[in-house]
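Read through the structure below, which is laid out as structure tokens, and then see the notes.
The values are calculated or read from the model by the stated rules, or taken from the named source; none is laboratory data. Because the structure is predicted, anything quoted here is derived from the model rather than measured. Here Cβ is always computed from backbone atoms with ideal geometry, including for glycine, and neighbour counts include all displayed protein chains.
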Amino acid sequence: MKKIALPLAVMAFIISLVTFFYSQNASKQVYVDVNKLLDGYKRTKIVRGEFEKKAKVLKSNIDSLVTDWQKELKLYEKERSKFSKKELELKQELLGNKQQQINNYQQAVQKQIQEEDKKATQTVINDINDYVKEYGKKEGYKIIFGASGSGNIMYADESADLTEEVLVGLNSEFEGK
């Protein structure tokens, strides 16, 4: 009887250890707050700053074109009594064409700004995703959820929040480049 009790006790101990470590690994579900990562990531601020400079230049170009057009319109209205009917029609057509060109340019610039904003944001998101993927592998996580405030994670215990830890690593990796 004693010969069987010792192997059974050892086997029960091994099974309980395996079960303990398996349950520890299986419950390692963690998350990061994607919005906090985007806001706290230093590269985000740099990319946004560069984007805003470009957008400001493009918008100021539009503003100067509109201002020039408005000056021409005021001049036309001021001097229209001096023009013949044919000259009035021609000037109105020119002003209308110029306004249409400005509108088309403005739409093209808006589209360009949206595309560049999307591209810049995607670059930052790719950085974050790559870092989180490597971080998860290095730390042995099976899954890291991304909470964005849009309902994909409605509640999680704060002990499962890796946001600050990941943000510190992400920023130090960026600064090291």
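Quick notes on this one:
- Checking ILE62, ILE143, ILE128 one by one, the residue that is out of contact with any Asp or Glu (no Cβ under 8 Å at 6 or more places or on another chain) and surrounded by fewer than 10 Cβ atoms within 10 Å (Cβ to Cβ) is ILE143 and no other.
- Test set (1) in contact with a Leu (Cβ under 9 Å, 6 or more places away or on another chain); (2) at pLDDT below 90; (3) exposed (fewer than 14 other Cβ atoms within 10 Å of the Cβ) - GLN101 fails condition number: (2)
- No other residue among GLU116, GLU72 is out of contact with any Ser or Thr (no Cβ under 7 Å at 6 or more places or on another chain), within 30 Å of GLY146 (Cα to Cα), of a type in the set (Asp, Glu) and surrounded by 12 or more Cβ atoms within 10 Å (Cβ to Cβ) apart from GLU116.
- Exactly one residue out of ILE62, ILE144 is touching a residue at least 60 places away in the same chain (Cβ under 8 Å), of a type in the set (Val, Ile, Thr) and over 18 Å from LYS45 (Cα atoms), and it is ILE144.
Conditions (1) modelled with pLDDT under 95; (2) among the hydrophobic types (A, V, I, L, M, F, W, C); (3) assigned to a helix (DSSP H, G or I), marked per residue:
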residue: GLN24; (1), (2), (3): yes, no, yes
residue: VAL32; (1), (2), (3): yes, yes, no
residue: GLU77; (1), (2), (3): yes, no, yes
residue: ARG80; (1), (2), (3): yes, no, yes
residue: GLN106; (1), (2), (3): no, no, yes
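- Hits in region 141-177 (condition: modelled with pLDDT under 90 and over 20 Å from ASN126 (Cβ atoms)): LYS142, GLY149, GLY151, ILE153, MET154, TYR155, ALA156, ASP157, GLU158, SER159, ALA160, ASP161
- Some residue of region 48-59 being in a helix (DSSP H, G or I), without any contact (Cβ under 8 Å) to a residue 60 or more places away in the chain, in contact with a helix residue (DSSP H, G or I) (Cβ under 6 Å, 6 or more places away or on another chain) and surrounded by 13 or more Cβ atoms within 10 Å (Cβ to Cβ): yes
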